[in-house]
1. Test Ala189 against the criterion of being out of contact with any strand residue (DSSP E or B) (no Cβ under 9 Å at 6 or more places or on another chain), at pLDDT 95 or above and surrounded by 23 or more Cβ atoms within 10 Å (Cβ to Cβ), and give yes or no.
2. Mind telling me which of the residues Asp103, Asp110, Asp133 ends up being farther than 17 Å from Ile156 by Cα, among the acidic types (Asp, Glu), out of contact with any strand residue (DSSP E or B) (no Cβ under 9 Å at 6 or more places or on another chain) and assigned to a helix (DSSP H, G or I)?
3. Out of the residues in segment 212-255 meeting the condition of being among the polar types (S, T, N, Q) and under 23 Å from the mean Cα position of the chain (by Cα), tell me which one is surrounded by the fewest Cβ atoms within 10 Å (Cβ to Cβ).
4. Being surrounded by 17 or more Cβ atoms within 10 Å (Cβ to Cβ) and among the charged types (D, E, K, R): is that true of Lys259 here?
5. State the number of residues belonging to segment 316-344 that are farther than 22 Å from Glu272 by Cα and assigned to a helix (DSSP H, G or I).
6. If you check Val204 against the conditions, is it touching a helix residue (DSSP H, G or I) at 6+ places or on another chain (Cβ under 8 Å) and exposed (fewer than 14 other Cβ atoms within 10 Å of the Cβ)?
7. Can you name the residue in segment 57-90 that is without any contact (Cβ under 8 Å) to a residue 12 or more places away in the chain and not in a helix (DSSP H, G or I) and is also surrounded by the most Cβ atoms within 10 Å (Cβ to Cβ) among such residues?
8. For segment 345-358, which positions are among the charged types (D, E, K, R) and either modelled with pLDDT of 95 or more or in a helix (DSSP H, G or I) (or both)?
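The values are calculated or read from the model by the stated rules, or taken from the named source; none is laboratory data. This structure is a prediction, so every number in the text was calculated from the model and none was measured. Here the Cβ is made from the backbone with ideal geometry for all residues, glycine too, and neighbour counts use every protein chain on show.
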Amino acid sequence: MMALDILLRLAQMIGQRLSEKGEGMKVVRTALALVALAGIVVLAGCGADPAFTSGKVYLADQNYDKAIEQLGISIRNSPQAWEPHMYLGMAYADTDELEMAHDEFFAALDLALDAAAKEKVENAITHYWLVYDKEGERNIDATKYIDAIDQFQKAIVIDPRKVDAYINLGYAYHMSDDLDKAVEEFEKALEYDPGNEVLVENLVSVYENQAGNFASLGDYENALRYFGKIEGLAPNTVDLFYNIGLMHYQNKDYREGLKYFAKHLDASPEDEEVLYRVFLAHWALAKNLEEDGMEEAALDEHSAALDPLEQLIDLNDKELTYHRALARVLAKLGREDEAMHELKIIEELLKGDSGDEE
């Protein structure tokens, strides 16, 4: 305000002198020019906020307490200015006050109206995000997974929009055998980047581990839950349909198991293990139907069991197990002559095995 008073007085003095010389029009113009200049000075005083300047100097000198104090004053002086928020975010980040740093960085981003200003804020955010992300990667390389987890968590606090930190955090949890946490972080990452192939690969790996752990405990329902996640995410995963079918089979849900075995066989029609499981599923269904007194339906299941057994024998006609199973099915269907033929084949195979031993 002192500069404005001086300029106004100067305008009055010039006006008075010019008036005395009969130059009234010039008085008005000169006075208006000086008032405009006064306004520029005042505006320049707002832009060159001494608290903001001091805050930046203190920050450069790593005097963080003073920097935070002065930048806070600058924000109160100019609440719509983006730069004080950005520099305050830097001061908080340098002192590991990461949540406060995040708040200030994103306040600056909201207030920055033009592209150049926004880019400057984004660069500041990325700088600090990289500090923690790179340190986390170094810890992973050194197999220090707990330390890596800590660093990746800090990166996410700084900027929760960047998917790589979630992927890295999930990987660190995976390597430290905390599979539940690994799943949680990978799934968060997937929300940000659903097409990320590396992420999908990592997530499938964790889901497979989880499903395998549950299956080994006999918890087939939870195993199916994780195999189902894989089906939704990467349905072309090797042996996925077989594993889903097997979980249903182990859960005695034979009908559902057969559906998935059929999907597997579409891609791998000569998979002997799966063909044999198909036979076993039909055999189990037939047994259940017989126990319920549904003989006709049981015969249908026995008939359905013939096809996989015949395919198995075509693939490996020296396997005793296949011929024995076929003989049992044929007997159930009342095809005694064919069943006897299978028994003779079995005898010949047994003689051959006995001869080999001699």
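1. No.
2. Working: Asp103 fails: farther than 17 Å from Ile156 by Cα; Asp133 fails: farther than 17 Å from Ile156 by Cα.
Just a single option satisfies the conditions, and that option is Asp110.
3. Residues of segment 212-255 among the polar types (S, T, N, Q): 213, 216, 222, 236-237, 243, 250-251.
Checking which are under 23 Å from the mean Cα position of the chain (by Cα) leaves us with 213, 222, 236-237.
On the way: Asn213: 14, Asn222: 15, Asn236: 9, Thr237: 18.
Ranking the qualifying residues of segment 212-255, first place goes to Asn236.
4. In short, no.
5. Here is the first cut: in segment 316-344, the ones farther than 22 Å from Glu272 by Cα are 331-338, 340-341, 344.
Retained after the next criterion (residues that are assigned to a helix (DSSP H, G or I)): 331-332, 336-338, 340-341, 344.
Here the count works out to 8.
6. Working: touching a helix residue (DSSP H, G or I) at 6+ places or on another chain (Cβ under 8 Å): yes; exposed (fewer than 14 other Cβ atoms within 10 Å of the Cβ): no.
No; evaluated as a whole, the condition is false for this residue.
7. Asn63
8. Within segment 345-358, the first condition is being among the charged types (D, E, K, R), and the residues that meet it are 347-348, 351, 353, 356-358.
If the condition is that a residue be among the charged types (D, E, K, R) and either modelled with pLDDT of 95 or more or in a helix (DSSP H, G or I) (or both), then Glu347, Glu348, Lys351, Asp353, Asp356, Glu357 are the ones that fit.
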